[in-house]
Amino acid sequence: MTTYKPRVISLTKTTGQTFGFYLRVEQNEEGHLIRCLEMGGPAELAGMKDGDRILRVNGTFVDGLSHSEVVELVRNGGASVTFHILDESSYKQAKSLGVNLSDPQLTPVANGATKEPPKLKLCYLVKSTMGFGFSLRSVRGEPGLFMTQVDSGKTAYNAGVRNEDRLLEVNGENVENCTHDEVVEKIKLGGKSVMLLLVDKETDRFYRNKKNKTGSWLATVKFLPLQPRFINMIKESNGYGFMLRQEPGQKGHFIREVDKGSPAEKAGLREMDRVVAVNGTDVDNCSHEQVVDWIRLCDNTCSFLVVDKDTDQMYKQGKVSPMLFWEEMKDSNSPPSYTEALSLPAPAKTSMTVRDRMEELRPKLCRMEKTSAGFGFHLNGIEGVLGQYITEVVKGGAADRAGLENDDVVIEVNGENVEQSIHAEVVEIIRRSSDTLEMLVARQDVYKQLKATGVKTTPLLLGETSKEKTQTAEAPEPNRKKEQQQEEEARPETPPQQERQRTPSVSSSSSEDGIDERL
């Protein structure tokens with residue numbers, strides 16, 4: 001039987017940088033697709049390919065989640081995110097064969113090999129106004145308490161809890177022999193959050209038949225909302241660029257004084273991150289001197305497993321080590337990380353004067369008039385998410401003649417800044433523009449550099465008067481008989497609320513159903 005082994009890719013971005021790809025869902029295509037890889041960007045350098053499918057984000061299985069949920073997971077990962085990727089052909093074959101892609105190891109029985117044993121699960125719940133979203137019940141002849149009234153979409157369900165799961169631990173304390181009232185009291189003592197160790201029927205049966213003792217060491221952490229981060233660094237002449245400290249009254253080894261532009265900052269290391277492991281070695285119980293020695297032994301490359309304050313607190317509430325995350329990820333083969341790729345020789349670049357570089361760091365002010373074919377571009381964005389960009393510019397159309405290019409970031413529409421506007425708001429501004437549209441846009445690399453330097457992007461950056469720098473596309477005499485049709489074609493359409501999973505690309509002509517998100 002064919003086996004399916006995902007690639008594990010850890011990407012790191014710096015301030016003002018993206019991961020260098022679009023996350024997309026498309027009509028008649030399953031999964032979350034990698035598209036429009038930026039040449040030389042973190043994703044391409046790390047080995048992502050066009051059409052690859054994302055299976056996991058920081059250990060969380062996402063194949064069954066909506067586009068917006070996956071985008072949120074990536075964004076919450078901050079500057080360093082780990083992806084499980086399956087190539088397009090393998091993904092489609094696995095789907096056609098009914099392979100369970102949520103299996104953490106993705107290794108069906110092959111050549112007599114034994115499938116990985118099933119895992120218990122750790123679930124972290126934060127109470128909403130409606131409570132935790134579950135009830136407990138006992139079953140005659142069965143030890144312990146079981147989950148019930150777990151409703152889809154509610155807090156418990158979203159955290160990975162399912163009906164009939166058996167409860168083993170509450171906040172790291174075994175409750176298998178506790179009464180219903182005792183367990184309820186322990187949950188209440190946790191306040192607004194609780195960490196549960198659960199086992200489903202099939203997994204419970206598996207370990208009972210083997211008469212094996214069970215505990216959190218057998219659990220998956222894929223359902224936890226916060227995860228540790230892998231930090232891969234390459235030493236430069238001034239070192240890695242951080243201080244390792246032991247803080248008064250706190251157990252552990254903490255990151256302090258991360259130098260701007262250093263390998264540590266580029267890799268995503270943050271102030272007050274706690275170091276859990278160095279090159280896979282758990283350092284929780286090591287002295288400061290021992291950890292420093294481990295780092296020195298790394299030579300010129302070093303890999304950390306770290307947790308921020310919130311992630312650390314969550315794991316401690318369940319009395320489990322973040323090393324569970326490392327154990328779950330360690331067997332996957334990972335291509336070179338972005339930081340490792342940075343050590344490769346860079347291609348020689350033609351020298352450029354300061355004036356030339358300043359000329360490049362300018363937006364474009366494009367004015368266009370609608371033709372019988374509309375404005376001739378697509379405005380892509382996610383309903384409810386900030387940020388819009390240009391795609392599918394029609395060659396020879398009004399937008400093309402005005403200087404718009406694919407992937408241009410939209411900054412202003414008719415003089416109104418839209419950087420913090422959601423898709424529907426930008427759509428409405430374009431609708432009000434009638435037959436003339438003026439857009440301030442910037443190439444994505446220019447936009448990122450301007451953002452990184454803290455420069456506000458306005459027409460003033462054009463350096464000359466806006467009129468002199470504006471690129472205008474004059475429209476031919478409009479055909480009044482088709483005025484209504486043209487207006488409908490040129491209007492960006494906002495999808496109805498109930499179709500949030502698939503937001504059509506907005507354009508002045510026909511549009512392929514799909515959702516794009518720049519990451």
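With contacts taken as Cα pairs under 8 Å and at least 6 residues apart, the stretch 9-107 reaches a relative contact order of 28 percent. Close amide H contacts of Leu120 (hydrogens built in the peptide plane, cut-off under 5 Å, sequence separation of 5 or more or a different chain): Ala219, Thr220.
A crude spin-label estimate for the pair Arg296 and Glu142, with each label 7 Å from Cα along the Cβ direction, gives 5.7 nm. For Tyr389, the residues whose amide H sits under 5 Å from its own are Asn380, Val410, ignoring neighbours fewer than 5 places away on the same chain, with H placed 1.01 Å from N.
Separation of the alpha carbons by more than 26 angstrom is noted, of Lys127/Lys213; Lys13/Lys251; Lys188/Lys210; Lys127/Lys309; Lys92/Lys448, for Lys127/Lys213; Lys13/Lys251; Lys188/Lys210; Lys92/Lys448.
The overall shape of the stretch 392-454 is oblate: from the C-alpha gyration tensor, with semi-axes ordered a ≥ b ≥ c, the ratio a/c is 1.5 or greater and a/b is no larger than b/c. When only Cα pairs below 8 angstrom with a gap of at least 6 residues are kept, the stretch 151-200 shows a relative contact order of 45 percent.
Karplus-derived 3J(HN,Hα) values for the stretch 79-96, using 6.51 cos²θ - 1.76 cosθ + 1.60 with θ = phi - 60°, are 7, 9, 9, 9, 10, 9, 10, 10, 5, 4, 5, 5, 4, 5, 5, 4, 5, 5 Hz; glycine and proline are entered as x. With 27 Å as the limit, the listed pairs Lys121/Lys192; Lys49/Lys222; Lys235/Lys364 have Lys235/Lys364 beyond it between alpha carbons.
Just so you know, all these numbers are worked out from the coordinates, no wet-lab data involved. The structure displayed is predicted, hence computed values, not measured ones. FYI the Cβ positions are ideal-geometry reconstructions off the backbone, even for glycines, and counts take in every protein chain you see.
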